[in-house]
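Everything below concerns the one structure shown next.
The values are calculated or read from the model by the stated rules, or taken from the named source; none is laboratory data. Predicted, not measured: the structure shown is a model, and the values here were computed from it. Backbone-built Cβ (ideal geometry, glycine too); neighbour counts: all protein chains shown. These accessible areas exclude ligands, DNA and RNA; they are computed on the full protein's heavy atoms, side chains included. Shrake-Rupley method; radii C 1.70, N 1.55, O 1.52, S 1.80 Å.
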Amino acid sequence: MKKTIVFLAAMIAALGSAQAQTDSPPSNPLHFVAGLGVSAGGEKLAHVRYTNGDTQTIRAGSGVYFTGGLDYRVAPEFSLQATANFHVDDTHARNGSVRFQRFPFELMGYYHAGPQWRVGGGVRYVTNAKLTSSGAAGAGDYKFDNSTSAVVEVEYFWTTNFGMKVRYVNEPLKAYGQDVRGNHVGVSGNFYF
């Protein structure tokens, strides 16, 4: 999983730096958005030890996330974004696996501080959060309650069609009456078309 995260981060950076910074402002205020990112943080949910001695920890806020949705420029200084996401952290071996996944929906509002920067905040509603395991990695299966959390982020636009975000999510989770902190920091690349 660590190699995957490093690869995705490098790919996002390469795609963003390959774009020219001289694009003209968008004429259409409504755009589709698609992106991917990596996150780190949250409480430890499971710890896996491989037969070769390597280990991996599954955390409530770490992993890879995929984003799709709509971005609407309300005014020159303000925009709204609604997205559906898939957020996952997992580990696999021939004799077992552990996975933590969830489906967050987000509604964000942004202030554009200039042609390339915007800052925003919003709400995140997490559904179908669950920890599953199999085989020798059997840590048990747990379903988490749906939850609502706050998000703040800043985005830099390399072009009008590609932006990179840094975000913080304050994500409280609960499973079987136990509170779990899924708070995390994320970095993502998003394409607007």
Item to complete: Quantify, in whole percent, the carbon and sulfur part of the accessible surface of segment 61-193 (1.4 Å probe; protein heavy atoms only).
Response: 62
Worksheet item: Quick one: accessible area per residue over segment 61-149, 1.4 Å probe, rounded to a whole number of Å²?
Response: 48
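Using the Cβ atoms and a cut-off under 15 Å, what net charge is assigned to the surroundings of T132, where Lys and Arg are +1 and Asp and Glu are -1? Walk me through the numbers before you get to the answer.
On the way: positive: R99, R102, K130, K143; negative: D89, D90, D141.
Taking every Cβ under 15 Å from that of T132, the sum is +1.
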Item to complete: Name the residue farthest towards the positive end of the dipole of segment 48-112 from the options A93, G109, G69, assuming +1 on Cβ of Lys and Arg, -1 on Cβ of Asp and Glu, about the Cα centre.
Response: A93
Worksheet entry | Sequence-distant aspartates and glutamates (8 or more away, or on other chains) whose Cα lies within less than 19 Å of K143 | E43, D89, D90, E171, D179
Worksheet item: Dividing the convex hull volume of the alpha carbon atoms of segment 50-154 by its residue count, what do you get in Å³ per residue?
Response: 112
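Ranking request for peptides 178-185, 36-43: highest mean number of other beta-carbon atoms within 10 Å first, then the rest in descending order. Numbers along the way, then the final one.
Values: 178-185: 16.5, 36-43: 19.4.
Highest-to-lowest ranking by the protection proxy: 36-43, 178-185.
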